[in-house]
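Data first, discussion second: the structure below is written as structure tokens.
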Amino acid sequence: MGNGVEWLAGIEARVALLDAALRPIAEEPVDIGDPGWEERMRQRPSAMDEAGVRAEAETVLRAVLTAYADGDDASRVAPRGLFARHTAFRWGVSLAFAPTPDGFRLRLPHLSAVDQGSDTRDELLALRDLCEDARRAGIDLGPLLREAAALSSRVDKYGMGSTRDILLRAAG
């Protein structure tokens, strides 16, 4: 990872460029009164593909998540800040993962680093879907949720508990 300050400045610059490429897509209005809008949204390519940034976005996200998972409590603040400042990047960039323990182990630090985003309810829905996918795949997600909780913030951002608390509740 190199010098932490240099790494952060370099990755922040890359995230900012991706955020700018994704922002028009993220902010495009959706007329939910228009019949068929849901189906059109489902058929639309991913934001990364639409913006033509998939390879770079996945590379950058992997670097951020690796730094997040490998860091200590203090160093994990920087990746959380990236997601907080670059909302189009947070919204539009993700990694495909297989419904395996290693796949969930990849996805959960991302959920942890996003740290509830702009709305805890969205993250709770994402976590619920993730847990349902794991159950369908026959995976005991409890240990993986506790592992991700250990990486997570203890700050209750929106009055629904901290990310750590939310993950531990989901772990049972």
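Here are some notes:
- In a reduced charge model with +1 at each Lys and Arg Cβ and -1 at each Asp and Glu Cβ, the range 88-172 shows a dipole moment near 100 debye about its Cα centre.
- Along the axis of the charge dipole computed for the range 99-146 (Cβ charges of +1 for Lys and Arg, -1 for Asp and Glu, origin at the Cα centre), the listed residues Pro101, Thr120, Cys131 are led at the positive end by Pro101.
- Apportionment of accessible area to carbon and sulfur, the range 1-106, percent (1.4 Å): 58
- Neighbourhood net charge (13 Å Cβ-Cβ; Lys/Arg +1, Asp/Glu -1) for Gln116: 0
- Estimated inter-spin distance, Ser75 and Glu50, nm [label 7 Å along Cα→Cβ]: 3.6
- The listed peptides 6-18, 107-119, ordered by packing as a protection proxy, come out as 107-119, 6-18 (highest mean of other Cβ atoms within 10 Å first).
- In the context of the full set of protein chains, residues of the range 1-109 present 57 Å² of accessible surface per residue (probe radius 1.4 Å, heavy atoms only).
- Extension gain, Arg105 back to Trp37 (0.36 nm per residue minus Cα-Cα distance, nm): 21.2 nm
- Taking the range 144-172 and a reference point 7 angstrom along Cα→Cβ of Leu124, the backbone N atoms nearer than 15 Å belong to 156-171.
The values are calculated or read from the model by the stated rules, or taken from the named source; none is laboratory data. This is a predicted model, so every value here is computed, not measured. Neighbour counts are summed over all protein chains in view; Cβ atoms, including those assigned to glycine, are modelled from backbone coordinates with ideal geometry. Surface accessibility is based on the protein's heavy atoms, side chains included, excluding ligands, DNA and RNA. Shrake-Rupley method; radii C 1.70, N 1.55, O 1.52, S 1.80 Å.
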